[in-house]
Structures are given as structure tokens and as C-alpha cells.
Amino acid sequence: GENVEQHPSTLSVQEGDSAVIKCTYSDSASNYFPWYKQELGKRPQLIIDIRSNVGEKKDQRIAVTLNKTAKHFSLHITETQPEDSAVYFCAARRTGANSKLTFGKGITLSVRP
Amino acid sequence: GAVVSQHPSWVICKSGTSVKIECRSLDFQATTMFWYRQFPKQSLMLMATSNEGSKATYEQGVEKDKFLINHASLTLSTLTVTSAHPEDSSFYICSASQPGIYYEQYFGPGTRLTVT
């Protein structure tokens, strides 16, 4: 089955700096890679996703890049703000109604004011 | 985006009793729903995949007789934790897969279960 590795496990940045979170996956058939932000006690919130037919996607301060050959994808957050502090999960999945998401272990991002 | 609700949002029960958690897709028909469990400071762990009108598929190590899943309609799936024990205390989250090209998943708000 799919295995998603996420690193580092914690990341602390100064407000205004950029943060980069990296994930690797093992299943070459995975073609959908979402990123979720989870605040304490709340549901995972989809913040951006990328499919295997593109290499990069951007949405305001957030971007995701995908390297299919190396089987890794990264989340980039620019101009970080304290409200970006949360746990971030990457995930990978194949296409299909029953295809299950495999999550990384999560990273706790702390943005220092 | 699509909306998924869960009920209750939190529940406290005594050891040995059963608890039912509902997951509803409010504005779309979900052919597939997923149930996850999340312990503090850990990732989401998939428990089972459920399809409307058929038996759920459980992940390895998840007791199907303990965690009963019923997907009775295209908008409702239920998880019943039977004979609950303190170690079942966790955050249970469902997600619903929206039919389409990519079958995007939308998560419910989660249910905090505490077994005393």
C-alpha cells in the first residue's frame, strides 16, 4: 500500500518568513496530493491540492509543487502569519470513488510573532 | 465546497455502553464515506470505507464487530462503537467522497468520544 512520509515533524518560523514542508510517497499510481490544515479539536481543512498532471499550483500565499519522478511534493507558505500556526498533513491517493487517502504524520507549524 | 456534518460533536459514555455517531453529506450524494480515528498529536488513521448499500471494508487491525458501520443511504453513514472502553476514547472523523472526476473528500467536524 501507499506510504507517505512527512518531514520535519515540527517547524518554527518568524512571522513574515516562508515555510516549506516536504512529503514523499511510495505508490507511483497515486495521482492526487492534498494538503490539510488542522487546528486543535477541529476537522482537517483542505488548503490546496495538486494532481499528477501538473507540477505546481499556487493560491495566494500557498503553493504546492510535485515531482513525480522523485515521488515527492512540497507545501510552500510565504509571508507566514500567526494564524498559519497549526498542524499540516499531506496525503496521497489514487483516483477512484473508493480510493483512500494515506496521510503523513503531520507537522506542527509555529509562526512566532 | 461540499458540506459534511457529524453528530454528536462530543459524547461521554460509560464503559460497556454503545455509542452511535452519524455522518451526513448535506448537499451532495456520497457514494463512499470514510471513517477515521485520531488520537492526540497523531495523524488520521483510516478505520473503514463504507459504500451505500453494502458492507464496509475495514482496515487491518480494526475490529468490525466492535465498530459497526451502516451506510443506509447516499447521505448518511453511521459508526457505532459497541461495548466501549476507555481506550476507545478518541476523535472520530468521517469524510464523504463527492462523485466526479476526482472524487474529492470532504471531512466532517469530528466527534470527541470520551469513555469513562
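Any read-out appearing in this document is the output of simple, stated calculations on the displayed coordinates, not a laboratory observation. Bear in mind the structure is a predicted one, so any value in this text is a computation, not a measurement. Reconstructed Cβ throughout: ideal geometry from the backbone, glycine too, with neighbour counts over all protein chains shown.
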Quiz item: Order of B:78-86, B:45-53 by packing, highest average Cβ count within 10 Å first?
Solution: B:45-53, B:78-86
Practice problem: Kindly point out, ordered by number, any Cys in chain B whose beta-carbon has no other cysteine beta-carbon under 4.7 Å away. | Solution: B:Cys13
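So how strong a dipole does chain B carry about its Cα centre when Lys and Arg Cβ are +1 and Asp and Glu Cβ are -1, to the nearest 20 debye?
With Lys and Arg at +1 and Asp and Glu at -1, about 240 debye.
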Quiz item: If amide H atoms are built 1.01 Å from N in the plane of the peptide, which residues on other chains or at least 5 residues away come under 5 Å of the amide H of B:Met47?
Solution: B:Trp35, B:Tyr36, B:Arg37
Quiz item: Quick one: net charge of A:Thr78's neighbours, Cβ under 13 Å, K/R +1, D/E -1?
Solution: -3
Quiz item: For the range A:9-23, what does the Karplus curve 6.51 cos²θ - 1.76 cosθ + 1.60, with θ = phi - 60°, yield as ³J(HN,Hα) per residue in whole Hz, taken in order and with x for Gly and Pro?
Solution: 8, 9, 8, 10, 10, 7, 3, x, 7, 9, 10, 10, 10, 10, 9
Self-check item: Magnitude of the charge dipole, the range B:15-66, Cβ model with Lys/Arg +1 and Asp/Glu -1, debye to 20
Solution: 180 debye
Quiz item: Quick one: Karplus J couplings for the range B:50-66, per residue in order, coefficients 6.51, -1.76, 1.60, θ = phi - 60°, nearest Hz, x for Gly and Pro?
Solution: 10, 10, 4, x, 9, 6, 6, 9, 9, 6, 4, x, 9, 7, 5, 7, 8
Practice problem: Let me have the relative contact order for chain A, percent, based on Cα pairs under 8 Å that are six or more residues apart. | Solution: 37 percent
Exercise. Within a 10 angstrom radius of each residue's Cβ in B:19-31, how many Cβ atoms of other chains show up on average? Whole number is fine.
Key: 0
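Using Cα pairs under 8 angstrom and six or more residues apart, how large is the relative contact order of chain B, in percent? Don't skip to the end; give the middle numbers.
On the way: 298 pairs, mean separation 42.8, N = 116.
Taking the mean separation of contacting Cα pairs over the length of chain B, I get 37 percent.
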Quiz item: Considering amide H positions built from the backbone, and no H for Pro or chain starts, which residues 5 or more places from B:Ile21, or on another chain, come under 5 Å of its amide H?
Solution: B:Leu79, B:Thr80, B:Val81
Quiz item: For the residue pair B:Thr116 and A:Ser18, what label-to-label distance in nm results when each label sits 7 Å from Cα along the Cα-to-beta-carbon direction?
Solution: 5.2 nm
Quiz item: What average number of partner chain Cβ atoms lie no more than 10 Å from the Cβ of the residues making up B:102-109?
Solution: 6
